[in-house]
Amino acid sequence: MKKIASLILILVLLSSMLAGCGLKTEAPAVPADQIAEPSASPQVNYKPEIIIGISGKIVSLDPQENTNAQHNYIFRVVFDTLLDYDNQTRTLRPNLAVDWQSDDALTWTFQLRDDVVFHNGKKMKASDVAYTFFTAGLDSSASASFCKSLAKVAFDDDANTVTITLHEPNVDFPYQLTLPTASILSKETLEEDPENGALIGTGPFMIDSYEFGDYVKLKRNDQFWGELPKTQYLNFRYMPDNSARLIALQAGDIDVCQSPDASEQDHITADEKLQLQGYDSCSIQYLAMNTQSGVFQDENTRLAICYAIDRQELIDVTYEGQGNICQSTWGWNTFGYNGSGAYAYPCDPQLAQKYLQLAGYSDENPLTFDIAVGSAVNKTFAQIIQAQLKKLGITVTVSEYDSAGLSTVTSNREHDACLYGFGPNAFGSDMERWIDSTSGVNKSLYHNEAVHELM
């Protein structure tokens, strides 16, 4: 498990963050409050279109159907949520709702803005919020669990108020409303066009054109209720090969290269035309051992693997040292982490060998297991683990799947172990997904009633 130091270029015209590097321009954009009067400053020219090379396919433009980072880049600028989360101050701030309150964390009342229109010109009303949560989201892939936590939604269009009652008190509820899966949709548009109605938002950009799995082009929404972006178009292009994406950036074919290879960092920083920026993410890569069936039901076997793996070598080889070893399942940037009780298993082959013996393994009866992977990075991780464990007489096979195949294998509990990534939100009890026995992120199938009750 590790925290990845991702590479990122922060564009002032995007509310989300895109991991990567970008071309320097002759006249860099600066915040509006730092621009002097026109007569006292040089002319600032903004490109009419920003082209962003991304590493993953965009397969849906419905915010209630996908939750991964690739899609969220787009959802964040096409749609709006009731509240927003300031990553710098780690506080909530108004968005579509200007005020919110609750006396018991069970019933929440929101006062909405009255100057918001959807991309098709229809005015946003309180009934749109109610419909989004209590009708449209209930049968969705990504928003259903959130929407099902709501017991009742009452609204008053004339007063621009929405009152949401939950099934049980939840102090994290306002924070959950900042996620793209809680984006507000148009009731009237969805009823008129059930197939494409979910593509209409209230954000600063709207969908201009879209080719499944190839590109998404966004156009500035000149009716946006907030400050207008400085550029007219954002073009997200799917470019799966990291090297090809970087070459396209250097050639000027794209303006932003998301997630270049860590091995390219020195070449990027040496190029005066490029700008490289990074940030510490909440993302964690982890080896999940199936605790419910197979060889890893035995705790001694799991401990043997923990002490046998050299995690620093994994980071050094795969990410050029761009990462840290987790001290616990809680990461540094995750809500609730305080460092107490944390223990990082050191690489100790002798101790690993002792646990193997306690589990009943020997030269005559060696441990053999399979690691399922679903990405090129995790395949590299698995191959390094394979080489490390071979020194202890452990035979590891690596089985590669696409994302759907990996999900099927792990959901059916057919895996011995798998390598997986988890990016928890920085706020609230999102870490519960990792250890909740009903969660798809819980690839180790961990189950503990006492811990679940505490969470």
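In the chain, if the dipole is taken from +1 on Lys/Arg beta carbons and -1 on Asp/Glu beta carbons about the Cα centre, which of Thr132, His447, Leu112 is farthest to the positive end? Of Thr132, His447, Leu112, it is His447. How much FRET efficiency would the formula 1/(1 + (r/R0)^6) give for Asp280 and Ala376, where r is the Cβ-Cβ distance and R0 is 22 Å, rounded to 0.05? Here the calculated transfer efficiency is 0.45. For the chain, the residue among Gln232, His415, Ala154 whose Cα projects farthest onto the positive side of the dipole built from Cβ charges is His415.
Modelled spin labels at Gln111 and Ser145, positioned 7 Å past Cα toward Cβ, are 3.4 nm from each other. A DSSP coil position with no more than 11 other Cβ atoms inside 10 Å describes the following GluC sites (Glu not before Pro) in the stretch 188-265: Glu195, Glu227.
Could you grab the Rg to Rh ratio for the stretch 285-353? Cα atoms only, Kirkwood for Rh.
That ratio is 1.00, to two decimals.
When Rg and Dmax are taken over the Cα atoms of the stretch 300-419, they come to 15.4, 47 Å.
On the beta carbon distance between Asn87 and Lys273, with R0 = 22 Å, the FRET formula returns roughly 0.20.
Would the chain count as rounded, prolate or oblate if I go by the C-alpha gyration tensor, calling it rounded below 1.5 in a/c and otherwise prolate when a/b exceeds b/c, oblate otherwise? It is oblate, given that a/c is not under 1.5 and a/b is not larger than b/c. A straight Cα-to-Cα reach below 21 Å connects Lys379 with the lysines Lys2, Lys3, Lys57, Lys390, Lys391, Lys443, residues fewer than 8 places away in its own chain not being considered.
Take the Cα of Ser328, step 7 Å toward its Cβ, do the same at Ser127, and the gap between the two points is 4.9 nm. What shape does the stretch 355-423 take by its C-alpha gyration tensor, where a ≥ b ≥ c are the square roots of the eigenvalues and a/c under 1.5 counts as rounded, a/b above b/c as prolate, and the rest as oblate? In terms of gyration-tensor shape, prolate.
Shown here for the stretch 347-455: GluC sites (Glu not before Pro) in loop regions (DSSP other than H, G, I, E, B) with at most 11 other Cβ atoms within 10 Å, namely Glu364.
With a cap of 14 neighbouring Cβ atoms within 10 Å, and only residues DSSP puts in a loop, list the trypsin sites (Lys or Arg not before Pro) found in the stretch 384-455.
Values: sites: Lys390, Lys391, Arg413, Arg433, Lys443; in loops: Lys391, Arg413, Lys443.
For trypsin sites (Lys or Arg not before Pro) across the stretch 384-455 that sit outside H, G, I, E and B with at most 14 neighbouring Cβ atoms in 10 Å, the list reads Lys391, Arg413.
Rounded, prolate or oblate, given the Cα gyration tensor of the stretch 182-249, with a/c below 1.5 counting as rounded? Note, shape of the stretch 182-249 comes out oblate. Computed from phi, the 3J(HN,Hα) profile of the stretch 286-292 under the Karplus parametrisation 6.51, -1.76, 1.60 (θ = phi - 60°) reads 9, 9, 9, 9, 5, 7, 9 Hz, with x in place of Gly and Pro. Summing Cβ point charges (Lys, Arg +1; Asp, Glu -1) relative to the Cα centre of the stretch 306-455 gives a dipole of roughly 120 debye. Taking the C-alpha atoms only, the angle from helix 376-390 to the longest principal axis of the chain is near 20 degrees. The angle between the Cα long axis of helix 299-308 and the longest principal axis of the Cα atoms of the chain comes to about 80 degrees, rounded to the nearest 10. Considering only beta bridges that DSSP places wholly inside the chain, some 75 percent are antiparallel. Per residue, the chain reaches -6500 deg cm²/dmol at 222 nm when only DSSP H runs of four or more residues are counted, each adding -39500 (n - 2.57). By the rule of a C-alpha distance below 26 Å, with chain neighbours fewer than 8 residues away ignored, the lysines paired with Lys125 are Lys148, Lys152, Lys187, Lys219. Compute the acute angle (0 to 90°) between the alpha-carbon long axis of helix 69-78 and the principal axis of greatest extent of the alpha-carbon atoms of the chain; round to the nearest 10°. Between helix and principal axis, roughly 10 degrees. Cross-link partners of Lys230 among aspartates and glutamates, defined as those whose alpha carbon lies under 12 angstrom from its own and excluding same-chain residues fewer than eight positions apart: Glu49, Asp222.
The charge dipole of the stretch 266-315, taken about the Cα centre with unit charges on the Cβ atoms of Lys, Arg (+1) and Asp, Glu (-1), comes to about 200 debye, rounded to the nearest 20.
Please report, in debye to the nearest 20, how large the charge dipole of the chain is about its Cα centre when each Lys and Arg carries +1 at its beta carbon and each Asp and Glu carries -1 there. Provide the component values of the computation, followed by the final result.
Values: 31 positive and 59 negative charges, 126 e Å.
Dipole magnitude for the chain comes out near 600 debye.
Bear in mind that the values in this text are calculations on the coordinates, not laboratory data. In this text the structure is predicted, and so the values were computed from the model without any measurement. All Cβ positions, even for glycine, are placed from backbone atoms using ideal geometry, and neighbour counts span all protein chains on display.
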